[in-house]
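Peer 1: Here it is, the structure in full.
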Amino acid sequence: MATIDSKDIIDAIIAAGGKQYSDEPAVSRIVEYTNANGRRTWGVTWENERDQHRYDRVTEYVRDPVIIFDLHKEG
């Protein structure tokens, strides 16, 4: 699980289809959301993580979540 605040990094992950490095698991999901500080940021989960939907759920730390990448729904 990772929270990333760089749109450039997120764009690179999406452009690579979730698989940037061959020796690492693929990124499974990216959810854009508003964090507790009111900033738009991105929650990233990898294929080997148990809770793929942790950033989908609204909490005090995750508001207005929008799935912007889902490896298993890509073409």
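Peer 1: I'd like the full set of residues that are surrounded by fewer than 16 Cβ atoms within 10 Å (Cβ to Cβ), closer than 22 Å to residue 15 by Cα and either within 9 Å of the chain's Cα centre (by Cα) or free of Cβ contacts under 8 Å to residues at least 40 places away in the same chain (or both), limited to segment 35-75.
Peer 2: Of everything in segment 35-75, those that are surrounded by fewer than 16 Cβ atoms within 10 Å (Cβ to Cβ), closer than 22 Å to residue 15 by Cα and either within 9 Å of the chain's Cα centre (by Cα) or free of Cβ contacts under 8 Å to residues at least 40 places away in the same chain (or both) turn out to be 40, 47, 48, 53, 66, 67, 68, 70, 73, 75.
Peer 1: Within segment 6-23, which residues are at pLDDT below 90 and within 11 Å of the chain's Cα centre (by Cα)?
Peer 2: If the condition is that a residue be at pLDDT below 90 and within 11 Å of the chain's Cα centre (by Cα), then no residue fits.
Peer 1: When residue 8 is evaluated against the numbered criteria (1) exposed (fewer than 11 other Cβ atoms within 10 Å of the Cβ); (2) part of a loop (DSSP other than H, G, I, E, B), which criterion, by number, is the only one it fails?
Peer 2: So the condition that residue 8 fails would be (2).
Peer 1: What are the residues in segment 11-34 that are surrounded by 12 or more Cβ atoms within 10 Å (Cβ to Cβ), part of a loop (DSSP other than H, G, I, E, B) and not hydrophobic (A, V, I, L, M, F, W, C), if any?
Peer 2: Selection gives 17, 18, 19, 20, 25.
Peer 1: List every residue pair whose Cβ atoms sit under 6 Å apart, with the two residues 6 or more apart in sequence or on different chains, where the first one lies in segment 1-24 and is free of Cβ contacts under 8 Å to residues at least 12 places away in the same chain and the second, anywhere, is small (Gly, Ala, Ser).
Peer 2: Listed pairs, sorted by first residue: 19/26.
Peer 1: Name every residue in segment 35-50 that is farther than 17 Å from residue 65 by Cβ and not in a loop (DSSP other than H, G, I, E, B), in order of residue number.
Peer 2: Answer for segment 35-50, where residues must be farther than 17 Å from residue 65 by Cβ and not in a loop (DSSP other than H, G, I, E, B): just 46.
Peer 1: If I ask for residues that are over 11 Å from the mean Cα position of the chain (by Cα) and closer than 17 Å to residue 72 by Cβ, which ones from segment 24-34 would you list?
Peer 2: 25, 26
The values are calculated or read from the model by the stated rules, or taken from the named source; none is laboratory data. This is a predicted model, so every value here is computed, not measured. Positions of Cβ are generated from backbone atoms using ideal geometry, with glycine treated the same way; all protein chains shown enter the neighbour counts.
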